[in-house]
Amino acid sequence: MTYSDQRRHNDGSRMKVKVVMNPSTSSAHCVGQSPTDDLMDDWLLLSTESAGPQHLEVSREDQEGEDRGKFKSKLVSAWNSVKYGWSLKQKSKFSKSSPVIMLGQSYELKDQGERERFRRSFASLLWLTYRRGFPSLAGSSLTTDSGWGCVLRTGQMLLAQGLLLHLRPPGWTWSVSHHAVKDDMDLLVTRTTDSAERGMNLKEGPSKRGRKLSLDSCLNRTMEASHRRVVSWFADHPTAPFGIHKLVELGKSSGKKAGDWYGPSIVAHILRKAVAASADLPNLVVYVAQDCTIYLEDVRSLCERPPPQSWKSVIILVPVRLGGQDLNPSYITCVKKLLTLQCCIGIIGGKPKHSLFFIGFQDDHLLYLDPHYCQPTVDITKESFPLESFHCKYPRKMSFSRMDPSCTIGFYAKGQKDFESLCTVVYEALSTSAGAYPMFIFAEGKSQEEERSKTPTNNITYIQRKSERKRVDTSNSLDEFVLL
C-alpha cells in the first residue's frame, strides 16, 4: 500500500514523495525523499511490539481486525511524518521593519540581541505533537493520535504555557535552547548591519562569557529538573496527568472516544477536569467561560481561600466563535491586542479541520506551533530522557485570513491582583472590536448553567448584526457546534 504526494523544493522544483508499506512486516519506507530521509529513520525502527501487548486468546478474525487497525495507524503516522516533516524545516520569512509579538513580548528583529532573545524564547515553548508507539488507548487498539488528536495537542500546549508561567520565574528560557537554536528563519536584512552587530557582541570577551555561562549552568540545574517534571506530565502514558491517555479518558463524559474529533470548546473543559484531578497542582484551577462570558463571582469562588492562605492561581479559557463560516475581519485587531498581553497564554485555533497553537503575530500573519508532525513516543521513565522533541526551533506563520473562527483563548493570573489587572487590560483589548459584537464579556454574579440545563436551548449563535442574521454552516470548522 502506498501514499503519494508532491512536495516543492526550496528552488521551486517539485519532487514526488511516496510512502510504501509492507503489510506483512508493518514496515515503511519513503521513495524520492532524500532531503528528509532523517525524518523517517525512527519510523523504520518502529516494531509491532511497540504497539502494545499481544493477546493470545483472541479469535483469528479479531486478531486480523486489530492488525488492520494497527497497520492503518502506522500508515497515517508515516504519512504525517512525510507530509509535515517536509514543511517543518522550511523557513518562514520575517521582516526586520516590524516587531514580532509573542505571548505578550515584543521583539525587534533588526537588533541582533533581540533576534537571539526571540529564538531562545520560542525554542523554550513546549511543543507537543502527534506521537506513535505509545500504549494502546483505553477501549481501542490505537497506539497513535495521528490524524485525529491535533486539538488535544494544541490544548496541551496552551496548558503547558500556563504551567510554565505558574512554576517558572518570569523570563525563564530553556538552557539547552541557547545551543540548539540556529538560524531557523529568513530575515529581510542587510548583511553589513548583521556583521557590525556580531562584531560588537564579540567585544564582550571570552572570560566574561565563560563566567556568565558557569553561573547560568549552576542556576539552571534546579530549573532543568522542574522543566523535565512538567514535560513528564504530558507524557504519552496512562499515568501522566495531562497525557493523551488521560485527556481521552476525561473526554468520555462529553461523548468522545479515542479516534474522534475534538473541538476547542470540548478540549477546554477536558483541561479543566484534568487540572482539577491532578494532585501535583493544588494551587492552580482552570475556569472555562460560559456563553462567551467570564462570570467574576464564579472565578472568585474558585480562587478564594480562607486567610492566611492566598488566592489560587487561575487559567481562564474562553471558547469563542469569531464569525460564521469564515473569520470576521473585524475581530483581527482584537486578536492582536489580546496576544500582546502578558497574561495571554495563547489560542487553541487553526485552519478548518487543522488545529494550530497560536502564540503571536507579525503584521497580518499569525505565529504558531504545529502539532501535526508525528514523532516516536519518548520514554520519560529514564532519568535523562531526551527533551529535544518537546521543543521546536522553526517558527511558522500564516495569514490571519486563514484562521478558523472557532477557537479557545487562554489567560493566566498568578493571584488576586493579577486577576484584577487581567480584567482591566482584557476589557480594554475587547473594546477594539470596532463594528462587531465583543468577542466575550465580563459579568458580575454567577452563571446560570444549571438553570439552562433544564431548559431546551437553540445551539445556534448569530454572529452577524440583526439586519444580517442567518444560520451558520460550520461543517468544515474546527468545532462540532456553534457556541451559545
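The values are calculated or read from the model by the stated rules, or taken from the named source; none is laboratory data. The structure displayed is predicted, hence computed values, not measured ones. Cβ placement follows ideal geometry from the backbone for every residue including glycine, while neighbour counts extend to all protein chains displayed. The protein model used for the area step is the full one, side chains on, heavy atoms only, and it has no ligands, DNA or RNA in it. Shrake-Rupley method; radii C 1.70, N 1.55, O 1.52, S 1.80 Å.
So in the stretch 87-104, with the set limited to residues that are surrounded by fewer than 20 Cβ atoms within 10 Å (Cβ to Cβ), outside any loop (DSSP other than H, G, I, E, B) and more than 18 Å from the chain's Cα centre (by Cα), which one is modelled with the lowest pLDDT? The selected residue is 93.
Based on what the data block shows, is residue 462 farther than 27 Å from residue 315 by Cα and either modelled with pLDDT of 50 or more or open to solvent by 40 Å² or more (accessible area, probe 1.4 Å) (or both)?
Details: farther than 27 Å from residue 315 by Cα: yes; either modelled with pLDDT of 50 or more or open to solvent by 40 Å² or more (accessible area, probe 1.4 Å) (or both): yes.
Taking the combined requirement at face value, the residue satisfies it.
Evaluate the stretch 337-344: report whether one residue or more is open to solvent by 60 Å² or more (accessible area, probe 1.4 Å), modelled with pLDDT of 95 or more and not in a helix (DSSP H, G or I). Walk me through how you get there before you give the answer.
To start, the set of residues in the stretch 337-344 that are open to solvent by 60 Å² or more (accessible area, probe 1.4 Å) comprises 337, 342.
Now drop any that are not modelled with pLDDT of 95 or more, which leaves 337, 342.
Subsequent filtering for residues that are not in a helix (DSSP H, G or I) retains 342.
The answer is yes, given that some residue of the stretch 337-344 is open to solvent by 60 Å² or more (accessible area, probe 1.4 Å), modelled with pLDDT of 95 or more and not in a helix (DSSP H, G or I).
Residues considered: 406, 475, 467. Of these, the only one that is farther than 28 Å from residue 304 by Cα, open to solvent by 20 Å² or more (accessible area, probe 1.4 Å) and at pLDDT 50 or above is 475. The set of residues in the stretch 252-278 being farther than 17 Å from residue 315 by Cβ and more than 18 Å from the chain's Cα centre (by Cα) consists of 252, 253, 254, 255, 256, 257, 258, 259, 260. Scan the stretch 417-457 residue by residue and report those that are at pLDDT 75 or above and of a type in the set (S, T, N, Q). Correct list: 421, 424, 431, 432, 447, 448.
Residue by residue, here is whether (1) surrounded by 24 or more Cβ atoms within 10 Å (Cβ to Cβ); (2) among the charged types (D, E, K, R); (3) within 11 Å of residue 357 (Cα to Cα); (4) free of Cβ contacts under 8 Å to residues at least 40 places away in the same chain holds:
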{"site": "128", "(1), (2), (3), (4)": "yes, no, yes, no"}
{"site": "144", "(1), (2), (3), (4)": "yes, no, no, no"}
{"site": "149", "(1), (2), (3), (4)": "yes, no, no, no"}
{"site": "155", "(1), (2), (3), (4)": "yes, no, yes, no"}
{"site": "158", "(1), (2), (3), (4)": "yes, no, yes, no"}
{"site": "166", "(1), (2), (3), (4)": "no, no, no, no"}
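Could you list all residues from the stretch 238-253 that are open to solvent by 10 Å² or more (accessible area, probe 1.4 Å) and of a type outside the set (Asp, Glu)? Selection gives 238, 239, 241, 245, 246, 250, 252, 253.
Scan the stretch 352-371 for residues that are in contact with a strand residue (DSSP E or B) (Cβ under 8 Å, 6 or more places away or on another chain), open to solvent by 10 Å² or more (accessible area, probe 1.4 Å) and either in contact (Cβ under 8 Å) with a residue 60 or more places away in the chain or on the phi > 0 side of the Ramachandran plot (or both) and the total you get is 3. Only helices (runs of 4 or more DSSP H) whose full extent lies in the stretch 110-191 are considered here, and the ones with at least 3 residues that are at pLDDT below 90 and more than 18 Å from residue 342 (Cα to Cα) are 177-180. For the stretch 292-310, the criterion of being open to solvent by less than 30 Å² (accessible area, probe 1.4 Å) and touching a Leu at 6+ places or on another chain (Cβ under 6 Å) is met by none of the residues. Screening 269, 227 for residues that are in contact with a Ser or Thr (Cβ under 9 Å, 6 or more places away or on another chain), surrounded by fewer than 20 Cβ atoms within 10 Å (Cβ to Cβ) and either assigned to a helix (DSSP H, G or I) or modelled with pLDDT under 95 (or both) leaves exactly one candidate, 269.
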